[in-house]
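Below: one structure, written as structure tokens.
The values are calculated or read from the model by the stated rules, or taken from the named source; none is laboratory data. Treat the numbers as computed from the prediction; the structure is a model and nothing was measured. Note that we place each Cβ from the backbone using ideal geometry, even for glycine, and neighbour counts take in every protein chain shown.
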Amino acid sequence: MADQPDLLEQLRALPPMAAGRQQATAVARRGAELGMQPQSSFISDVLLRSGLGQGLLMGAGDEVEAFFRSRLGNETYEQALEDVRRRLAVTAQERPGQSAAAEIGGGILPAVGAMVLSRGQAAPAVASRAAPLVSRMAQGMGQGAAVGAAQGGAEGFLKGEGGAAARLDRAAEEAVTGGAFGAGIGTVAPVVGGVVRRTFTSPEERAARRMQGLIEESGTTPSEAAAAYSARQAPEMGGVRPEILADLMPGSAIAAETRRIANMPGANRQQIAEQLQERANQQGPRIMGSFEEALGGPRGNFFDNLDSLQAARSASAAPLYAQIGEIPARSGRLDQLLLRAPDAAFDEARNAARYEGLIFPNLVAPNAQGTRTVVGDYTLRDVDMVKRGLDRIIERETDNITGRVSSEGRRAIKLKEDILSEADQLPGPYRQARDAWSGPTAVMDAMRSGQRIFNERAETSVRDIAKMTSSEREGFVIGVLDAVNQRIGRGIEGRDISSAFRSGNVRAQIEAALGAARSPEEARRAADALLQGIEREAQMAATNRGTRSISATAPMMAQQADFASSMGGMGLLREAAQSGIGAAGASALQKLLQRGAMGMTNARVEAANEALRPYLFGTGPEVSARLRDIDRLLQPPPAYGVGPRQMVPGLLADPFAETLGVQRR
């Protein structure tokens, strides 16, 4: 140590311009070897020159300082620049850890400041699945740096000895160390904490946090997902259906998790399979109910419906038909039409009157020249009897299976239409009576027309409906419902049958059918709602198919078995013997982290799946309520509340001071 004064004298006598960087480095190294007090200052050289100049200003600090010193002092720019660079070299040799940490800290200071000011939130433009984790890591870095620096500075000031200047110097050292170390701990803490939390917290909390992450990955929030789900259950959206979240978010992380839970072996899987099978089996009744609601038609067997319609309509129309028996109907035009009716029509009219206790007069007879002529007056009731006779001819000439009408039947149809058109113009309630009940034959014809709704062009159905009376339209609706029921019945139970109602032609046919029960505008709105409900059924069926796929079960079971065997004592020894201790340890750590995502044991995995099931497979208001509870149950702590967890970075900073190169005075 005897040569310390000589070395100091050399350093002090060295002119700024004469001392090159190599000379300064050599002197500093020699001084460090002799245990001399450092010639560099922590605040001015480490914090300001290394941290601010070399770090924050990206290496331009020496030129900036030299410029201002040359303008404000007696030095030239070159002299000041050489002096600054000499002091940086000395500082780098005397305080290598501190100067390096200061440069790094100064470089990342803008990023840390932005994180602190934004409360650690990721930029809205970040649209990756890692965004929530990146946000938490950024927040952790900002919190750790801020708390570590503050606590380290306070600790350094209290531990320092000597005057205020020495204590401030020690406080600044501790603040830098604590801030750097705290930023590192804060960055990794969300990752490690997430694994620990998922492993050791209750299944209910793990499920809630898992759902929160899955929903955020889908680009929404739990509250928004709850609102969207509730809206689907509203009456104007088709009412409550057994939809699950995956139906609303196909192809999302929610759908993938639904599939995983449904195929994970255990008791949970059986309950989910039964639920999915039940909603598949009920697809047909739900679609049928939607058609019945849209058409305002009755439920049950359509033959029973037809009998009920006939009884009710006939009873309500009886007083009107009684009135027309006294109203004269003879006219030149009707005479001509009646003369064209075949004898069979008069025979059927006579038979119908006999069964009702009435007398049907002889309306037509041959004259002396052998020509048919009308022989007497007749009433509207007599005209209606002829119409009913024509109905019987039309019924006989119509094939019960194909619905085709013979040429004789078509002539009878044309004659009946002409007679009714003329009779409806006469005084009296005949049109009202026919509208209330046009007879079983006409209603049966309308019903058969409804049964052919999916085989006819929509324009044809619209034209036919326009000519129908209200009772015939009711018969038409009964036929349409029967056609829907037949289509559903041809499907296999548990299979998707919505495709039978989703083609473009069927949409037009459905809208035409609804026109029998509603106005055109109402028919369009009802068709939109009905087809929207059918699309929902199709999505539910697609979800069932994707969810119940068993392709993922085998890999999951294999992963569980591999984990159980490899993590046992014999498994670890076997892998260590084959691959070495280091490789075996790395493999075990990787498997532990994978399992830590949902729990370390099969029992904990099953418990977490059971807690997830009400979110993923619940239906109705329960799902919305649970989704809204996530926001309430998982409220994050205050952004910068200082508790035991936040104090860790500062408390751990001091033991690492020597490792980072901090020298105590």
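Scan the range 414-441 for residues that are of a type in the set (A, V, I, L, M, F, W, C) and farther than 18 Å from ASP382 by Cα and jot them down. The one that is of a type in the set (A, V, I, L, M, F, W, C) and farther than 18 Å from ASP382 by Cα: ALA436. Residues that are of a type in the set (Lys, Arg) and surrounded by 18 or more Cβ atoms within 10 Å (Cβ to Cβ) were ranked within the range 372-426; the one that is farthest from ILE453 (Cα to Cα) is ARG381.
The helices (runs of 4 or more DSSP H) found wholly in the range 283-400 and carrying at least 1 residues that are over 30 Å from ASP528 (Cβ atoms) and in contact (Cβ under 8 Å) with a residue 24 or more places away in the chain occupy 302-324, 332-339, 343-355, 380-396.
Quick check: anything in the range 330-351 aliphatic (A, V, I, L, M) and touching a Pro at 6+ places or on another chain (Cβ under 9 Å)? No, every residue in the range 330-351 fails to be aliphatic (A, V, I, L, M) and touching a Pro at 6+ places or on another chain (Cβ under 9 Å). Scanning the range 54-91 for residues that are in a helix (DSSP H, G or I) and in contact (Cβ under 8 Å) with a residue 40 or more places away in the chain yields a count of 14.
Residue count for the range 457-480, restricted to those that are of a type in the set (Phe, Trp, Tyr) and modelled with pLDDT under 85: 0. How many residues, within the range 615-632, are farther than 16 Å from GLU224 by Cα and more than 16 Å from the chain's Cα centre (by Cα)? Within the range 615-632, residues that are farther than 16 Å from GLU224 by Cα and more than 16 Å from the chain's Cα centre (by Cα) number 0. For the criterion of being modelled with pLDDT under 90, on the phi < 0 side of the Ramachandran plot and not charged (D, E, K, R), ALA412 fails. Just one of the listed residues (ILE478, ILE453) is surrounded by 18 or more Cβ atoms within 10 Å (Cβ to Cβ) and part of a helix (DSSP H, G or I), and it is ILE478.
Since ALA100 meets every condition but one in (1) outside any helix (DSSP H, G or I); (2) of a type in the set (Gly, Ala, Ser); (3) at pLDDT 60 or above, which condition does it not meet? Every listed condition holds for ALA100 apart from (1). Restricting attention to the range 225-267, the residues that are buried (at least 20 other Cβ atoms within 10 Å of the Cβ), not hydrophobic (A, V, I, L, M, F, W, C) and not in a loop (DSSP other than H, G, I, E, B) total 5.
Taking every residue in the range 227-249 that is of a type outside the set (S, T, N, Q) and pairing it with any residue that is at pLDDT 80 or above and exposed (fewer than 14 other Cβ atoms within 10 Å of the Cβ), at least 6 positions away or on another chain, the pairs with Cβ-Cβ distances below 7 Å are MET237/ALA231; GLY238/GLN532. Apart from one condition, ASP496 fits all of (1) assigned to a helix (DSSP H, G or I); (2) under 26 Å from the mean Cα position of the chain (by Cα); (3) closer than 20 Å to MET288 by Cβ; the exception is (1).
Can you confirm whether ALA523 is farther than 24 Å from GLU257 by Cβ and assigned to a helix (DSSP H, G or I)? Taking the combined requirement at face value, the residue satisfies it.
Do we have any residue at all in the range 24-46 that's within 30 Å of GLY148 (Cα to Cα), at pLDDT 60 or above, part of a helix (DSSP H, G or I) and among the aliphatic types (A, V, I, L, M)? Yes.
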